[in-house]
Amino acid sequence: MVTSETSTTEHHPALVHHFDDMEQQKEASTFGMWVFLLTEIMMFGGLFAAYLIYRLKFYPAFVAGSTSISVSWGFANTLVLLGSSFTMAMAVWAAQNRSRKQQVMWLIFTMILGAAFLGVKAKEYYDKYEECHIPGSFIGKPFNATGGPGCEKGNIAEEMQERARKTNEEIEREGKAKGWDEKKIADKKVAVPSDAYAVQTAKRTEIFFSFYFAMTGLHAFHMVIGLGLLSWLTLRASRGEFDGQYFTPMELGGLYWHFVDIVWIFLFPLLYLISRHSGAH
Amino acid sequence: MSTAVTTIVKPEMPKKHFLNDNYGIRSWLLTKDHKRIAILYLVSITFFFMVGGMYASLIRLQLLTPNGELFQADTYNKLFTMHGVNMIFFFLIPSVPATLGNFVIPLMVGAKDLAFPKINLMSWYIYMAGAFFAMAALLLGGIDTGWTFYTPLSTGFVHTPVIVMGVGILFAGFSSIFTGLNFIVTVHRMRAPGLSWGRLPLFVWANYAASLIMILGTPVIAITLILLCLERGFHIGIFDPKLGGDPVLFQHMFWFYSHPAVYIMILPGMGVISEIVTCFSRKRVFGYSFIALSSIAIAVFGFVVWAHHMFVAGISMYSALVFSLLSFAVAIPSAVKVFNWTATMYKGSVSLETPMLYALAFIGLFTIGGLTGLFLAALGLDIHIHDTYFVVAHFHYVMVGGMVTAYMGGLHFWWPKITGRMYPEAWAKLSALIVFIGFNLTFFPQFILGYLGMPRRYAVYPPEFQVLNVLSSAGASILAVGFILPGIYFLWSLKYGEVAGDNPWKATGLEWETTSPPPTHNFHETPVVTTEPYHYGEKEGVPVGH
Amino acid sequence: MAEHTQEQAHPTPRLYLVIISILILLTIATWRIAFVDLGIFNPVVALTIAVIKAVLVILYFMHVRYSSQLTKVTVGAGFFWLLILITLSLLDYISRNW
C-alpha cells in the first residue's frame, strides 16, 4: 500500500493527483458509483410508485394489458439478463485474476446477452406496434385496443370475453368429468364481461401500455448506455489496463450492469405476471 | 506565515495562485480545479439572477395598478412562471453549493480538490446545457404554466414551450445531482488526517445534508418531467383525466422533489450563517452537534411533508392530517438552529461587519418566514390562505430573506479568500441596509394582502388592495438597488480592493490557513487537524494553529 | 479503512455459479407460480421472489456482502427512500374513500 502524500514512492499510472493512494481512489470511486445508483433507484422508483397507484386504480385494465404481452419472451429475457449478470461478474473477477483475453471474452459474452435482450425487446415492441397498442397517436397507428381497422390483432376487448368463455368451457368439462352438480359448476364459472365493460376496460389499457413503454423504455435506454460502457471497458481490457492492483472501472461497470438487471428483475413480475392464472397463454 | 507583532506588515497578493496559474479561455473551460469551476458557476447563476430579477420587476410594475394596464393576463402568466423557474432552478438551487460550496468545501476538509473533478466540470456543462434550453424557452416566448407545471394545464392546454423548458430543468437537475454526489463522496473519503466528523465545519455538514437531498429527490423530478414531456408530446395518458390519468399524481411526484428542494436551497445558507455568526461573535458555536444533526434531521424530515402543498388539491383528509403533523415537526430542527445561533452571540464579542449584518438579517427574516410556514401547515388556516399572497410572502421571506441573504453574507465572507481582495466595507454595509429595507417593504405588505384574500398569480386585483401593492412595488425597486450595488463594487474590488491577506477575519477553519487566493493545489502541505472547530478566544483572539 | 478478512474477501467463480443457478430456479418458480391461482397472494409471492433475487444480486454479484458498512447503509437508504415515496403517496389514494 502506498503511504500518504509525498511522492517519493512511484505512483500507479492510474492514480489521480488529488487522491493520496490507490486505496482511497478505489474507495471513493466505488462509493461514488453507489451514490449514483442511489439516484437511479429513486428515478425508476418514481415510475414504480406511479405504476403501483394506477395498478390499484385500474386493476382489470392492467390484467388485460399484462395478458396481451408475451410472458414467454419476458421470461426468456429475464434469464438472458440474469445470465449477463453472471458473465459480468466473471469479467470483473477475470480483471483481477486472469489474462486480458479472458476479460475480453467475458465482456463480449455480456454484450452478446445484452444485445440479445434488446433484440427481443425490439421484437416485443414491434408486436405491440402491429397490435396498435402503442399509446398516443404519434407513430402512425393510433392506440386502439378495441379492434378498429388495421388493429384486429390487438382487440383486447374481444380477448377478454374470449378468455372468460374458454375458462367457463374448461370448468364445464372439469365439472362433468368430476361429476359436480349444476350449482357447483355455475358457482365456479367466471362472468363473461359485457361488451360495454370489455370495451371500457380495453380503452383503459392505454395507461398500462404507457407504463409498459415508459418503464421498459427507460430500462432499455439504460441498457444501451450499458452496452456503450461495456464496449469501452472491452477496449481498455484488451489493452491490458486491468490487473489485481487496478480494476476499478470494471468493478464500477459491473455495479451499473447489475443494477440494470435488478430493475428488470422487478419489471418482469410487475408487468408480465399480473393475474396470469386467469387463463391466458 | 507568522507576522511580527510590533509592526503591521501590509499583506501582499501571493505570487502564484489559482487565478493566475494558467491563462486563456481553454484553461478556464477545461479546468478541473474546483475553485475555477466555482467561479464559472458564479458567473452563470448571477446571469440567471438578473433574468429572474427582470421578470420580478415586470411583475411589480404590473401590480402597481389594479386593472392590469401593463400586460395582458396571458403575458402576466409568463412573467411569474419565468420568474419562478429561473430563480429556483437556475439560481437558488445551485447558488451556495455550486459557488461557495465548490470553492470552500475541499479547502475546509483539507483536500486538494473534490473527489471527482472531471464530474464537477461536467456538472457545470450540464448546467449550461440546461441554461441553453431555458434561454431558448425564454426566446420562444416563455412558459405560462406556473413554475409548478400542474397538469392537465401544462400537458394539454397551453401553447408555450413547456417541453423545451422541461428539458432545461431536467439538465439543471442532473447538474445538481452530480454536485451533490461529489460533495458526499468528498466528505466521506477525503477529509484530512485528524478531521473527524465531529470536527467538520458546520458549513460542510449543511452542504452534506443538502447533497443527500439532491441525490435522493432530484431523480424523482427528473422522471416526473420526462413523463410530463412524454404526455405533452405524445398524449400517452398518464396525467390526463380523459384517459383515466390523475392530475393529483403529478402533484405528488412533483412535490416529492420540490419540497425537499427548498431545503436544498436553505440548508447551505444555514451553513453559511453558522460560519459567520461564530466568527463575528468571536465565540465557539453553541451546540455544535445539535446544529450538525439538525441539518440531517431537516434533510430527512423534509422528505415526508410534501403534500402540504396539496391540502386543497383533493387528497384524502387522513393523509392531509398526517402531512400537516409532519410539517409542524420539520420546523423543529430549524428552530434549534435559530436558538443556537442566538446563544452563540450571547456574551460573544459581536462585531458588525457586512457578513454579520447579513447573518443577523437572516436570523430575523428566516424566523418570520419559517413561522409563517407553520400558519400554512395548519389545515384550517391553509384553506383560507392557500394560493394567496400570504404564501408568496412566506416563501420569499425564507428564500430571499433567508437564502439570498445568506448567500450575500457568504459571498462577502469568502470574497477575500476567493479573490485576495476586500470589498469596500462602507458601500457593502450600505447595500446590506438597502436590501433589508427594500426586502421588508416589498414582502411584508404581501402577508397582509394574502390574509385579506388577494390571490397569487393574478394579473389584476380589487382596487382596495392597491396601497399595499404600491408599497410592495416601491420596496422592490429599493431591493433592486440593494442587489445592483454589490454587482458594481465586487467587480470594482477585483482591481482596486484592498489586498486581504490569508485571514482578514481572523477566522478558524482550514480554508483560512492557506493563501488568498489559494494556490491551485489548495495547500502546500496536507494539513493535519488537531483542534476542535471554532476554537475562538483561545489565544488572545488569534486562532490556534498559526 | 477496514481490512477484509482473507476467507470471505473475494467471491469465487464457483460462488457465482451457485448464485446464478439459484437465480434461474427462482425465475422459473416465479413464472410457474404465476399460473396457479393464489388469489391475493400471487403478487405477494412474485414480489417476494423478486426481492430475494435482487438481494442475491446485490450481495454477491455487486459484492455488497464484502463491502464496507457505508456501502451497506447506502443501499439500504436507497430502498428506504423509495418506500417513503411509495407509502406516503399510496396513503393518500387508499384513504380517499374511507
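The values are calculated or read from the model by the stated rules, or taken from the named source; none is laboratory data. From a predicted model like this one, the values you see are computed outputs, not experimental measurements. Every residue, glycine as well, gets a Cβ built from its backbone with ideal geometry; the counts of neighbours run over all protein chains shown. Accessible surface is based on the protein model in full, side chains and every heavy atom, while ligands, DNA and RNA are left aside. Shrake-Rupley method; radii C 1.70, N 1.55, O 1.52, S 1.80 Å.
Please arrange B:Ser289, C:Ser95 by accessible surface area, largest first, computed with a 1.4 Å probe and ligands excluded.
Per-residue accessible area, sorted high to low, gives B:Ser289, C:Ser95.
Are there trypsin sites (Lys or Arg not before Pro) in region A:202-281 that DSSP marks as loop and that have at most 11 other Cβ atoms within 10 Å, and which are they?
Listed in order of number, the matching sites are A:Arg239.
On a straight-distance basis, which aspartates and glutamates could pair with A:Lys153 in a cross-link, Cα separation under 17 angstrom, same-chain partners fewer than 8 positions away excluded?
The reachable aspartates and glutamates, counting only those whose Cα sits under 17 Å from A:Lys153, are A:Glu124, A:Asp127, A:Glu130, A:Glu131, A:Glu162, A:Glu206.
Compute, for chain B, the length of the dipole vector about the Cα centre, with Cβ point charges of +1 (Lys, Arg) and -1 (Asp, Glu) only. Units Debye, rounded to 20.
940 debye
Determine which lysines satisfy two conditions relative to A:Lys178: a Cα distance under 22 Å, and not lying fewer than 8 residues away in the same chain.
A:Lys166, A:Lys188, A:Lys189
For region A:34-92, take every pair of Cα atoms, bin their distances at 10 Å starting from 0, and report each bin as a whole percent.
Once binned at 10 Å, the Cα pair distances of region A:34-92 give 18, 25, 41, 15, 1.
If you find the alpha carbon centre of region B:315-338 and of region B:47-99, how far apart are they in angstrom?
29 Å
Within 10 Å of each candidate Cβ there may be at most 13 other Cβ atoms; applying that plus a DSSP loop requirement, which trypsin sites (Lys or Arg not before Pro) in region B:282-359 survive?
For trypsin sites (Lys or Arg not before Pro) across region B:282-359 that sit outside H, G, I, E and B with at most 13 neighbouring Cβ atoms in 10 Å, the list reads B:Lys347.
Cut-off 10 angstrom, C-alpha nodes, Gaussian network model of chain A. Which of A:Asp243, A:Asp181, A:Asp20 fluctuates the most?
With Cα springs under 10 Å in chain A, the top fluctuation among A:Asp243, A:Asp181, A:Asp20 is at A:Asp181.
Measure nothing fancy, just the Cα-based angle from helix A:22-57's long axis to the longest principal axis of chain A, in degrees from 0 to 90, nearest 10.
So the helix axis and the longest Cα principal axis differ by about 10 degrees.
Out of A:Met90, A:Phe268, B:Ala115, whose Cα points farthest toward the positive end of the dipole of the protein assembly as shown (charges: +1 Lys, Arg; -1 Asp, Glu; placed on Cβ)?
Selected residue: A:Met90.
In peptide A:74-81, what is the residue-averaged number of other protein chain Cβ atoms found within 10 Å of each Cβ?
Partner-chain Cβ atoms within 10 Å, mean over residues of A:74-81: 3.
Amide H to amide H, which residues 5 or more places from B:Arg421 or on other chains are under 5 Å from it, using H placed in the peptide plane?
Counting only residues 5 or more places away or on other chains, the set is B:Ala500.
Excluding ligands and nucleic acids, what accessible area in Å² is computed for B:Val350 using a 1.4 Å probe, to the nearest 10?
B:Val350 has an accessible surface of roughly 70 Å² with all protein chains in place.
Under unit Cβ charges (Lys, Arg +1; Asp, Glu -1), what dipole magnitude, rounded to 20 debye, does region B:411-546 have relative to its Cα centre?
Result for region B:411-546 is approximately 580 debye, rounded to the nearest 20.
Hey, how much of the P(r) for chain B falls beyond 47 Å, as a percent of Cα pairs?
Summing the P(r) tail past 47 Å for chain B gives 10 percent.
For chain A, report the translational diffusion coefficient in µm²/s to the nearest whole number, using Stokes-Einstein at 20 °C, 1.002 mPa s, and a Kirkwood Rh over Cα pairs.
The Stokes-Einstein estimate is 97 µm²/s.
In whole Å, what is the distance between the alpha-carbon centres of region B:183-261 and region B:26-44?
Using only Cα atoms, the two centres lie 25 Å from each other.
Loop-only check: which chymotrypsin sites (Phe, Trp or Tyr not before Pro) in region B:339-400 are DSSP coil with at most 16 other Cβ within 10 angstrom?
B:Tyr346
So if a site counts as exposed when it's one of the GluC sites (Glu not before Pro), its DSSP state isn't H, G, I, E or B, and it has at most 16 other Cβ atoms within 10 Å, what's the longest stretch of chain B without one?
For GluC sites (Glu not before Pro) (loop position, at most 16 other Cβ atoms within 10 Å), the longest site-free span of chain B is B:70-497.
Report the longest stretch of chain A that contains none of the GluC sites (Glu not before Pro) sitting in a DSSP loop with at most 15 other Cβ atoms within 10 Å.
A:11-281
Once you compute Rg and the Kirkwood Rh from C-alpha atoms, what is the Rg to Rh ratio for region B:263-324?
Rg divided by Rh gives 1.19.
Looking at this model, which pairs from A:Lys57/A:Lys176; A:Lys57/A:Lys128; A:Lys26/B:Lys506; A:Lys128/A:Lys183 are more than 29 angstrom apart at the alpha-carbon?
Beyond 29 Å between Cα atoms: A:Lys57/A:Lys176; A:Lys26/B:Lys506; A:Lys128/A:Lys183.
Cα centroids of region B:263-299 and region B:477-498: how far apart, whole angstrom?
Cα centroid of region B:263-299 versus Cα centroid of region B:477-498: 27 Å apart.
Using a/c under 1.5 as the rounded threshold, could you call region B:122-179 rounded, prolate or oblate? The axes a ≥ b ≥ c are square roots of the C-alpha gyration tensor eigenvalues, and prolate needs a/b larger than b/c, oblate otherwise.
Oblate.
Each residue of region A:252-262 in order: what ³J(HN,Hα) in whole Hz does its phi give by Karplus 6.51 cos²θ - 1.76 cosθ + 1.60, θ = phi - 60°, with x for Gly and Pro?
With coefficients 6.51, -1.76 and 1.60, one gets 5, x, x, 4, 4, 5, 5, 4, 4, 5, 4 Hz.
If I model the protein assembly as shown as equal point scatterers sitting on the Cα atoms and use the Debye formula, what is log10 I(q)/I(0) at q = 0.05, 0.06, 0.09, 0.10 Å⁻¹?
-0.32, -0.47, -1.01, -1.21
Compute the distance in nm between two label points, each set 7 Å from the Cα along the Cα-to-Cβ direction, one at B:Val467 and one at A:Lys176.
9.2 nm
Going through the DSSP H helices of chain B, which span 15 Å or more along their own axis at the Cα atoms while scoring at least -1.0 as a mean Kyte-Doolittle hydropathy?
B:34-62, B:73-87, B:117-139, B:162-189, B:202-234, B:247-280, B:288-301, B:317-345, B:354-377, B:405-419, B:425-452, B:466-496
Applying 1/(1 + (r/R0)^6) with R0 = 22 Å to the Cβ-Cβ distance of B:Glu498 and B:Ile8, what FRET efficiency is obtained, to the nearest 0.05?
Efficiency, rounded to the nearest 0.05: 0.95.
Compute the FRET efficiency between A:Leu235 and B:Val312 as 1/(1 + (r/R0)^6), taking r as their Cβ-Cβ distance and R0 = 51 Å, and round to the nearest 0.05.
0.35
Hey, what's chain B come to in accessible area per residue, 1.4 Å probe, Å²?
So chain B comes to 37 Å² accessible per residue, rounded to a whole number.
Do any residues of region B:222-255 show a loss of at least 50 square angstrom of accessible area between the isolated chain and the full protein assembly, using a 1.4 Å probe, and if so which?
When all protein chains are present, B:Ile223, B:Phe234, B:Ile236, B:Ile238, B:Leu243, B:Gly244, B:Asp246, B:Leu249, B:His252 each give up 50 Å² or more of accessible surface.
Give me the percent of accessible area attributable to carbon and sulfur for the protein assembly as shown, probe 1.4 angstrom.
C and S fraction of accessible area: 67 percent.
Over all distinct alpha-carbon pairs, what is the Kirkwood Rh of chain C in angstrom?
The answer is 16.3 Å.
Considering only C:Leu85, C:Leu38, C:Leu56, give the residue with the highest GNM mean-square fluctuation for chain C, with springs between Cα atoms whenever their separation is below 10 Å.
Maximum among the listed residues: C:Leu85.
Can you pull out the buried accessible area for chains A and C, both sides counted, probe 1.4 Å, rounded to the nearest 100 Å²?
That pair hides around 3900 Å² of surface in total.
Taking only Cα atoms, what is the 0 to 90° angle, nearest 10, from helix A:156-178's long axis to the longest principal axis of chain A?
On a 0 to 90 degree scale, this one is about 70.
Pull up all non-local amide H partners of B:Thr388: gap of 5 or more, or a different chain, and H-to-H distance under 5 Å with H placed in the peptide plane.
So B:Thr388 has HN proximity to B:Arg456.
So which DSSP H runs in chain C come out at 20 Å plus along the axis (Cα) with average Kyte-Doolittle of at least 1.6?
Length and hydropathy pass: C:13-33, C:41-56.
Give the Debye-formula value of log10 I(q)/I(0) at each listed q (0.20, 0.23 Å⁻¹), with one equal scatterer per alpha carbon of region B:329-407, two decimals each.
For region B:329-407 at q = 0.20, 0.23 Å⁻¹, log10 I(q)/I(0) is -0.89, -1.06.
Semi-axes, largest first, in whole Å: what does sqrt of 5 times each Cα gyration tensor eigenvalue give for region A:107-237?
Here the semi-axes work out to 42, 22, 11 Å.
List the aspartates and glutamates whose alpha-carbon lies under 17 Å from that of B:Lys337, not counting same-chain residues fewer than 8 positions away?
Filter leaves B:Glu275.
Picking from B:Leu92, B:Leu200, B:His521, whose Cα lies most toward the positive end of the charge dipole for chain B (charges on Cβ: Lys, Arg +1; Asp, Glu -1)?
B:His521
Determine the shape class of region A:195-237: with a ≥ b ≥ c the square roots of the Cα gyration tensor eigenvalues, call it rounded for a/c under 1.5, and otherwise prolate if a/b is greater than b/c, oblate otherwise.
prolate
Report the accessible area of B:Ser334, computed with a 1.4 Å probe over the heavy atoms of all protein chains in place, in Å² rounded to the nearest 10.
We get 20 Å² for B:Ser334.
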